[in-house]
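> What follows is a structure written as structure tokens; I'll ask about it next.
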Amino acid sequence: PLDLLNHGFDGVIMAIGEQNAIDLGIDGEDLIVSYYDYLKNPSDYANKEKIGVIGGGNVACDCALTAKRLGAKDVSMFIRRKFFDMRISKNELNELWDKQIDIATTTRITKVEKNNNKFDVYTVTTQAGSTGYEDIENSMIKRKSFDLIIKAIGSKSDKHIDHEFIVYAGDCKIGGSTIVEAVASGIDSAKIIHNKLKGEKI
């Protein structure tokens, strides 16, 4: 945006969404593919038979269903929360069932290891506690021989640039939201930059 201001534009509205995947903070995370990289070029990951998806939201569903469409025989979703906490529509849930995608709820992946050309994941069972979902002691199990692990637990935007004539709009400003909220944010940002350029009070 600063380059645009230096090349003749009077103002810039940044409506770039949340383009960075949130990290899990676990051992072996470098072996995991982010939802962004996977969905950008899913054909690069074709011919994978056993796939694990970390997350239980819309994007995680997109990853799981895309994997099935590309021919994966065994697709599992690992979700730290309970089943009814999944933030997806009824239609998406029905499609997961129709495609026979396994949904492992109250399950958290703690480590990923590479074993020859396969990946083993270690998971623990979780339960609701005073500070959210907590690991249950002595519940760790090893799940073997995945061809691909995808993380889709959320996203974040880059740090904002503090400049009078750079305004942010949509998910990169208000976080993940509905289309209605994103459109409203875009309208507000247009009014803000318009008033700034005219030198009027916002």
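The values are calculated or read from the model by the stated rules, or taken from the named source; none is laboratory data. Since this is a predicted model, take the numbers as computed values, not measurements. Glycine gets a Cβ as well: all are built from the backbone with ideal geometry, and neighbour counts include every protein chain shown. Side chains included, ligands, DNA and RNA excluded: accessible areas come from the protein's heavy atoms. Shrake-Rupley method; radii C 1.70, N 1.55, O 1.52, S 1.80 Å.
> Order the following by accessible area, largest value first: T126, T131, T110. Probe radius 1.4 Å; ligands, DNA and RNA are ignored.
Numbers: T126 5, T131 115, T110 30 Å².
So the residues, ranked largest to smallest area, are T131, T110, T126.
> If a/c stays under 1.5 just call it rounded; otherwise compare a/b with b/c (prolate if a/b is bigger, oblate if not). Do that for the range 37-124, with a ≥ b ≥ c from the square roots of the Cα gyration tensor eigenvalues.
Oblate.
> Taking the Cα of F83, stepping 7 Å toward and past its beta carbon, and measuring to each backbone N in the range 99-138: which are under 12 Å?
Zone members listed by number: 103-106.
> Determine the alpha carbon to alpha carbon distance for each of K40/K111; K48/K90; K90/K118; K90/K191; K156/K191; K73/K114 and list only those over 29 Å.
On the way: K40/K111 25 Å; K48/K90 27 Å; K90/K118 33 Å; K90/K191 36 Å; K156/K191 25 Å; K73/K114 20 Å.
Long pairs (Cα-Cα over 29 Å): K90/K118; K90/K191.
> Take every Cα-Cα pair in the chain and report what % of them are more than 27 Å apart.
Working: 8534 of 20301 pairs.
Cα-Cα pairs in the chain separated by more than 27 Å: 42 percent.
> Stretched out fully, how many nm does the piece from K73 to I187 gain, at 0.36 nm a residue minus the Cα gap?
Values: separation 114, 0.36 × 114 = 41.04 nm, distance 4.46 nm.
The K73-I187 span can extend by a further 36.6 nm.
> Local charge sum around V183 (other residues, Cβ-Cβ under 15 Å, Lys/Arg +1, Asp/Glu -1)?
On the way: positive: K173, K191; negative: D171, E181, D188.
Value of the local net charge: -1.
> What's log10 of I(q)/I(0) for the range 71-179 at q = 0.09, 0.13 Å⁻¹, Debye sum over Cα points only, no solvent?
Here the Debye-derived log intensity ratios amount to -0.37, -0.70.
> May I ask what percent, to the nearest 5, of DSSP beta bridges between residues of the chain are antiparallel?
In the chain, DSSP labels about 50 percent of beta bridges as antiparallel.
> Of the accessible area of the chain, with the probe set at 1.4 angstrom, what percent is carbon plus sulfur?
It is 47 percent, rounded to a whole number.
> Loop-only trypsin sites (Lys or Arg not before Pro) in the range 124-202, please: DSSP not H, G, I, E or B, and at most 11 other Cβ atoms within 10 Å.
K159, K201
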